[in-house]
Each structure stands twice: as structure tokens, then as C-alpha cells.
1. Considering amide H positions built from the backbone, and no H for Pro or chain starts, which residues 5 or more places from ILE24, or on another chain, come under 5 Å of its amide H?
2. Grab the Cα-Cα distance for ILE24 and LYS67, subtract it from 0.36 nm times how many residues apart they are, and report the gain in nm with one decimal.
3. Please name which of SER107, PHE80, LEU145 has its Cα lying farthest along the dipole of the stretch 58-186 towards the positive end, using unit charges on Cβ (Lys, Arg +1; Asp, Glu -1) and the Cα centre as origin.
4. Using a cut-off of 14 Å between beta-carbons, work out the net charge of the residues near THR29 (Lys and Arg +1, Asp and Glu -1, THR29 not included).
5. Given an 8 Å cut-off on Cα distances and at least 6 residues of separation, report the relative contact order of the chain as a percent.
6. Taking Cα centroids, how far is the stretch 133-177 from the stretch 43-62 in Å?
7. So, with +1 on the Cβ of K and R and -1 on the Cβ of D and E, and no other charges, what is the size of the charge dipole of the chain about its Cα centre, to the nearest 20 debye?
8. For the chain, please report how many Lys pairs fall under 16 Å Cα to Cα, leaving out neighbours fewer than 8 apart on the same chain.
Amino acid sequence: MRYFAELSYQGTHYFGWQRQPGQISVQETLEQAFSTILGVPIAMTGCGRTDTGVHARQYFAHFDCEKALPEAFERRMNKFLPSDIAIHRIIPVHPEAHARFDAYQRSYEYHLSFRKMPFEQNTCYWYGHANRPDPDLVQSTAALLTAYSEFFPFCKSEGAAKTMHCELTRAEWIFDDEADRWVLHITANRFLRGMVRLVVGMCLNVGLGKTSLDEVRHALDTQTLLKKSQSAPPQGLFLTEVLYPYSF
């Protein structure tokens with residue numbers, strides 16, 4: 001039987017989702033917990049990678065298990081797992097359902113605060129610099145992205161992606177003046193490795209006058225790297241929604 005696990009996690013103490021030799025990952029932590037509770041080896045396939053320190057409000061992973069799941073399985077898993085990982089649902093699915101390849105849309109948020117918030121130091125990027133980016137330029141830069149479908153300038157150099165094609169349907173900053181917080185909302189069918197954090201860094205650089213909007217446009221038109229490329233810190237990034245062509 002194949003199952004989808006819907007979960008969320010705070011990524012502060014993990015080296016991303018994917019198993020890595022000698023490092024603790026969300027995937028390894030889940031596989032060990034599921035294998036212990038079910039009494040059989042369990043391998044999990046996630047809906048995508050998240051980097052070290054990045055969080056997920058909604059994440060899906062699939063696993064196969066021939067034996068019946070025990071009673072109150074979700075509750076037992078949540079008691080066994082560390083406090084920074086939560087299982088929300090275990091969903092029986094058809095045998096060919098795939099958490100990664102069947103997902104047709106993913107959404108992220110990036111949280112940036114101009115106030116130092118001690119209780120959010122691991123879940124929001126505190127922008128403590130004297131010069132504040134121009135919000136109009138920041139918004140215009142994000143809006144530019146939806147006119148393109150190839151994103152080589154926003155892929156980590158060590159990324160192994162075979163294609164740079166992504167279908168962006170939203171790239172928008174929401175400015176909360178009362179909370180003194182900016183949040184980037186970005187949605188696409190897929191994302192390149194490190195893409196969202198590079199997009200945030202690029203928006204901030206344009207807003208600060210370090211890079212021009214014309215330079216960004218030229219990099220996208222020619223699919224070349226920006227001269228000044230910056231990746232925003234990981235703690236502000238959340239995977240927030242993953243959609244599938246079937247309902248749960």
C-alpha cells in the first residue's frame with residue numbers, strides 16, 4: 001500500500017530534507033521514526049528538496065508499507081518525532097502516486113523583518129542594515145520574473161537541474177507597514193535549487209541600487225549570471241503549499 005504523509009517542519013536544526021552522509025536531515029529523521037513505529041524499513045520520497053535551515057508549512061512525502069498501519073498512527077508518530085516535525089495526515093493513495101513527480105504547483109514565502117524579533121530569529125530574516133531597499137524597485141523586480149520561463153541566473157552553480165524551465169504564476173512582495181515586515185510570495189510548477197533565495201537577494205540588490213533592473217532583464221534575456229549575485233539567508237524561507245491533480 002502506498003501512502004502520502006502530509007507534514008510540516010522547522011528546518012533550523014536540519015541539513016535540509018534530503019539524506020546526506022554524516023548530517024542530520026528531515027528525511028532520515030522521518031524514515032527512522034516510521035521504521036521504528038512500523039517495525040519494518042521505510043523509505044520516503046519527498047515532494048522536493050529544501051536547503052539547510054529552510055522550513056516547510058506544507059510538505060508531502062510518500063512511502064510504501066505492506067502491513068496495516070497501527071491504530072492512532074498519526075498521534076503515535078507525533079509523540080515519537082522531535083518537536084520541530086509534525087505529521088498532519090497519512091493518506092492512502094494509488095500505487096503509482098508520486099510525491100515529487102505528480103506535484104504540479106509549489107508555493108514559497110520569504111519573510112523579511114526590519115524589526116529585530118528575538119523569538120523569530122530562526123524563522124525570519126532580520127534586515128538590520130541602515131539603508132532600506134526601495135519597495136517600488138523591489139516589487140518591480142519581482143514582477144519582471146513572471147514574463148520569463150528560463151531562470152539560469154537563479155540556479156545554484158552546483159545544481160544538477162537538466163532544464164532551467166519554470167512556469168512562474170506569482171512573484172509578489174506584500175509590504176506590512178504596521179509589522180515592518182516584507183513577505184515575498186512566489187508560485188511555480190517547479191523551482192531550481194536555491195532559486196527563491198537568489199531571487200530575494202536580487203530584489204534587495206535592485207532595491208538598494210547595487211544592481212539595475214536593466215541588468216536583471218539582460219541576464220534573463222541572455223540566460224547569463226548576474227555580476228552581483230546574492231543568496232538571502234535560509235531562515236526566512238518557507239515552502240507553504242504543494243498541489244496535486246488529485247484530491248485528498
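A short reminder: the numbers here are calculations on the coordinates, not readings from a lab. Computed from a prediction, not measured in an experiment: that's the story for all the values here. In this analysis, Cβ positions are derived from the backbone assuming ideal geometry, glycine residues included, and neighbour counts consider all displayed protein chains.
1. For ILE24, whose amide H was placed from the backbone, the distant partners under 5 Å are PHE15.
2. 12.7 nm
3. Looking along the dipole axis, the top candidate is PHE80.
4. Neighbourhood net charge equals -2.
5. Relative contact order of the chain: 25 percent.
6. So the separation of the two Cα centres works out to 21 Å.
7. Here the size comes out at about 460 debye.
8. 4
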